[in-house]
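Colleague: Encoded as structure tokens, here's the structure I'll be asking about.
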Amino acid sequence: MILGNYIDGKWIAPRSGATFQKHNPADDRDLIGEFPASSAIEVQEAVTAARRALPAWRALAYDARAAFLTKAADRIASRQGEIAAALTREEGKSLPEAAGETGRGAMILRYFSGEGLRSVGDVLPSVNATTMLFTERVPLGVVGLITPWNFPVAIPLWKAAPALVYGNTIVFKPSEHSPMTAQMLAEVFHEIGLPAGVFNLVQGAGEAGKALCAADGINGISFTGSVATGKAIARTCVDRGLRYQLEMGGKNPVVVLEDANMERAVELTVQGAMKSAGEKCTATSRVIVVDSIANEFVKRLVTRVKQLEVGAGTDAKYYLGPLISGAARAKALAHIERAKEDGASLLCGGSAPERADLSNGHYMAPAVLDFVQPTMSIAQEEVFGPVLAVIRVPDFDAAIRVANDVDFGLSASIFTRSLDKAMRFVREVEAGLVRINGETAGVEPQAPFGGMKNSSSFSREQGQAAKDFYTQVKTVSMDRAD
Ligand code: ADP
């Protein structure tokens, strides 16, 4: 089955006939489908369609646009099982996680259907007594959404929902590793009768994303993915005068202090590191633990990690499924080899499981490395796999220093009962998302999401922060005619 792009309200086969295939990461023999490898021509057609649709869409009353979001939420909820199954089949995460993500997609749409009713400007005092001075927010215009495969439902929707409610039109370029859920999202917008051209889908790899940044008529790019790609996109956007927003990697720490609830710290560290096979930008990848409890903590941590079963996401008994690709697994395993060469101790996992039922998937046993030094590459570089580095430190001050000694700053967590230390952590840790006694992963649609340093472009997504990206401010001054 060859699937199409969704442009101007129609499903269109690729003009060039070029396609790419997507297989199931749990079983390489399972071909999910063949999708358009879109060229700059199709991308430009989509942007032109979005441009044409813009005046009528932005002219609609707010509640008419919001009604489409509510309908899309209902439609996603009614297709939840089917979308979750497709998500697990193409991405690999467990079915409950996929169902949770799909449910969250509906929640995001509902949240933003209400968000658009809030203030879109301020009234300001003017130096002239008769002047009425105020701001009004207007849509950015045509926005390009370039997204990764690890949350193929939630991430596109947390970009698309605010874009739509504030009156923008969209060209969506999903990851080449998650084309099926992207197709389903486009189907949902088609099924609810969204006007043609308001939401367009172009499938393809990096070249299609590049073409989107270069297309005539695009006003902004919202991107989630790797640092290298994000920076390349930023350069293009600066040259072209486009607005951009980047969400990139993380090297997220958990700090465990001597007064922590150890059971909770172990469980939530494992959950943050190993759920979704560690393929979350907010995944825990470093655990920084004070020396006085390090031996006990590591012992309990390794016992728990060894209990985690690896297997197909369709079977609820497995904690983690496969990685997205053979290349992703090879990269994670290479990180582990390098860490061992650098002097870290591998305490468990870190290899492909030798089970016949897993031999056609990109599985990997979850790994814990101890005695990691903050300067080692395993403590600095994002792995994006089920790999946890333990860094032992003498005290809280050293823990904060190590936590901050990386180029990333997405999320960070501390386990402690000390109010003073928790408060200092909140102030001093360099991260956009800070958790006290919680896991590093997990977001809520009403709260701003984003990081510091190389994790983000100083922008925030979701919540009311989304308005800053998807709208522009006009300052208006009105006076009497006479
Ligand atoms: P990941 O490692 O998560 O796949 P990437 O940054 O490679 O991260 O991909 C994230 C998204 O960016 C994907 O949709 C991908 O196709 C797209 N992409 C990759 N290269 C480029 C590029 N040069 N310009 C625009 N988009 C790109």
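The values are calculated or read from the model by the stated rules, or taken from the named source; none is laboratory data. Predicted model, so just to flag it, every value in this text is computed and none were measured. Because the Cβ atoms are built from the backbone with ideal geometry, glycine has one as well, and the counts that use them run over all protein chains shown.
Colleague: Here is a list: ALA312, ALA344, ALA328, ALA332. Which entry is among the aliphatic types (A, V, I, L, M) and in contact with a helix residue (DSSP H, G or I) (Cβ under 7 Å, 6 or more places away or on another chain)?
Modeller: Just a single option satisfies the conditions, and that option is ALA344.
Colleague: Separate question: Could you say whether any residue in segment 245-252 is at pLDDT below 95 and either within 22 Å of the chain's Cα centre (by Cα) or in a loop (DSSP other than H, G, I, E, B) (or both)?
Modeller: Going residue by residue through segment 245-252, those that are at pLDDT below 95 are 249.
From what is left, the residues that are either within 22 Å of the chain's Cα centre (by Cα) or in a loop (DSSP other than H, G, I, E, B) (or both) are 249.
There is at least one residue in segment 245-252 that is at pLDDT below 95 and either within 22 Å of the chain's Cα centre (by Cα) or in a loop (DSSP other than H, G, I, E, B) (or both).
Colleague: Here's something else I'd like to know. Can you confirm whether PRO374 is without any contact (Cβ under 8 Å) to a residue 60 or more places away in the chain and farther than 17 Å from VAL310 by Cβ?
Modeller: Spelling it out, PRO374 is indeed without any contact (Cβ under 8 Å) to a residue 60 or more places away in the chain and farther than 17 Å from VAL310 by Cβ.
Colleague: Looking at LEU246, LEU201, can you tell me which residue is within 22 Å of ALA85 (Cα to Cα), surrounded by 24 or more Cβ atoms within 10 Å (Cβ to Cβ) and within 16 Å of the ligand (Cβ to nearest atom)? Give the derivation first.
Modeller: Numbers: LEU246 fails: within 22 Å of ALA85 (Cα to Cα).
After ruling out the rest, the residue left standing is LEU201.
Colleague: Continuing with the same structure: Is it the case that some residue within segment 121-138 is away from the ligand (no atom under 14 Å from the Cβ), modelled with pLDDT of 95 or more, closer than 21 Å to THR471 by Cα and surrounded by 20 or more Cβ atoms within 10 Å (Cβ to Cβ)?
Modeller: Checking segment 121-138: not a single residue is away from the ligand (no atom under 14 Å from the Cβ), modelled with pLDDT of 95 or more, closer than 21 Å to THR471 by Cα and surrounded by 20 or more Cβ atoms within 10 Å (Cβ to Cβ).
Colleague: Please tell me if GLY144 is within 16 Å of the ligand (Cβ to nearest atom) and not in a helix (DSSP H, G or I).
Modeller: Yes: the conditions hold for GLY144.
Colleague: Just one of THR70, THR135, THR130 is in a helix (DSSP H, G or I) and among the polar types (S, T, N, Q); which is it?
Modeller: It is THR70.
Colleague: Just wondering, is there one or more residues in segment 336-359 that are under 19 Å from LEU301 (Cβ atoms), β-branched (Val, Ile, Thr) and outside any helix (DSSP H, G or I)?
Modeller: No: segment 336-359 contains no residue that is under 19 Å from LEU301 (Cβ atoms), β-branched (Val, Ile, Thr) and outside any helix (DSSP H, G or I).
Colleague: Collect the residues in segment 5-27 that are over 25 Å from LYS93 (Cα atoms) and in a loop (DSSP other than H, G, I, E, B), keeping them in residue-number order.
Modeller: Listed by number, the residues that qualify are ASP8, GLY9, ALA13, PRO14, ARG15, SER16, GLY17, ALA18.
Table: residues versus (1) within 10 Å of the ligand (Cβ to nearest atom); (2) among the basic types (Lys, Arg); (3) part of a loop (DSSP other than H, G, I, E, B).
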| residue | (1), (2), (3) |
| --- | --- |
| LEU157 | no, no, no |
| VAL171 | no, no, no |
| MET180 | no, no, no |
| GLU187 | no, no, no |
| GLU207 | yes, no, no |
| GLY217 | no, no, yes |
| PHE223 | yes, no, no |
| GLY230 | yes, no, no |
| ILE233 | yes, no, no |
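Colleague: So which of LYS299, LYS317 ends up being part of a helix (DSSP H, G or I) and more than 16 Å from the ligand (Cβ to nearest atom)?
Modeller: LYS299
Colleague: If you don't mind, there's one more thing I want to ask. Take the residues in segment 359-390 that are within 22 Å of the chain's Cα centre (by Cα) and of a type in the set (D, E, K, R); name whichever of them is surrounded by the most Cβ atoms within 10 Å (Cβ to Cβ).
Modeller: GLU382
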